[in-house]
């Protein structure tokens, strides 16, 4: 099958008709019909049968569906990449960051960065690390910030700052003297704890540590982001173990104690290995590092 045949085949599978496929592919109906007939002639069997005005895939088509679907998805990715490269010469600084950093370090960092680059346009997207990697590889973003290192051969990661994970609780949970001391992991025994999704790298590591305890915390709620965990703690639903930036930004609403034994969190700036870095991107990276340093020292 040629790529055009795969496009027609997948479009008909999605829409259920040649007319719908033509609209989806932005071609005429006769052109879509011709392409379908040519594909069937090349294959030597029918791909669809007509039942009550609708096209239904044959048994052979069902066998082809999964394999051609992968090719179709790859073709769309190539077109997305080509489109992004075509428009690369005149675009703003495109930033992608994980949700936690978008609500902790990035706002103040961009505010400071704007003083030096007041007229440089920028766009900001929030994505989890897996999607962040895809955006960078597809040239949909120029720079990314994450608390996980992607470790992809086409990307470079730069460590900007490190800090330990912290246990956060509502005001009054600990005395002032106790609040200034680290908190041992086994002190969480029997305490209501809002847990991180184990698909998160740090969440998985923390879960493994908690499993080793003789008496663990009481976990009834799992969340996907540190910021949601913090919001639930502020609502009085228990404690949470979060990254230091979530724990320390706007710290007056909470108490926070560093976890012992420690779990180190690293802030990374991520970009494509083959790409030169725009001065505005380099300046933002330096500002993120400085903002993280100030927050950790505070």
Considering only 128, 56, 139, give the residue with the highest GNM mean-square fluctuation for the chain, with springs between Cα atoms whenever their separation is below 10 Å.
56
Add -39500 (n - 2.57) for each DSSP H run of 4 or more in the chain, then divide by its residues: what number comes out at 222 nm, to the nearest 500 deg cm²/dmol?
-14000 deg cm²/dmol
According to a simple spin-label model (label point 7 Å from Cα along Cα-to-Cβ), what is the distance in nm between residue 26 and residue 59?
4.0
Histogram of C-alpha separations across the chain, 5 Å bin width, %
1, 5, 10, 12, 12, 10, 9, 9, 8, 8, 7, 5, 4, 2, 1, 0, 0
With the crude spin-label approximation of a point 7 Å out along Cα→Cβ, what separation in nm comes out for residue 108 versus residue 290?
1.3
Quick check on the range 200-257: what does the Kirkwood estimate of hydrodynamic radius come out to from the alpha carbon pairs, in Å?
12.3
For helix 279-297, what angle does its Cα long axis make with the longest principal axis of the chain, in degrees from 0 to 90 and rounded to 10?
30
Nearest-ten-degree value, helix 29-43 long axis tilted from longest Cα axis of the chain:
90
Can you sort 204, 17, 274, 109 from fewest to most other Cβ atoms within 10 Å of each residue's own Cβ?
274, 204, 17, 109
Compute the distance in nm between two label points, each set 7 Å from the Cα along the Cα-to-Cβ direction, one at residue 73 and one at residue 124.
3.1
Residue span residue 156 to residue 184: 0.36 nm per residue of separation minus Cα-Cα distance leaves a gain in nm of 6.6 nm
In angstroms, what radius of gyration and Dmax does the range 106-249 have, counting Cα atoms only?
17.9, 57
Can you give me the three principal axis dimensions of the range 111-190 from its C-alpha atoms, in Å, biggest first?
49, 34, 19
Proportion of all alpha-carbon pairs of the range 3-86 beyond 15 Å (%):
58
Counting only Cα atoms, I'd like the Rg/Rh figure for the range 166-262, Kirkwood definition for Rh.
0.92
Just to confirm the number: angle between the C-alpha axis of helix 59-86 and the first principal axis of the chain, 0 to 90 degrees, nearest 10?
60
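Since every read-out is calculated from the coordinates, none of them should be taken as a lab result. Since we're looking at a predicted model, the values are computed, not measured. With ideal geometry, Cβ positions are generated from the backbone for all residues, glycine too; neighbour counts draw on all protein chains shown.
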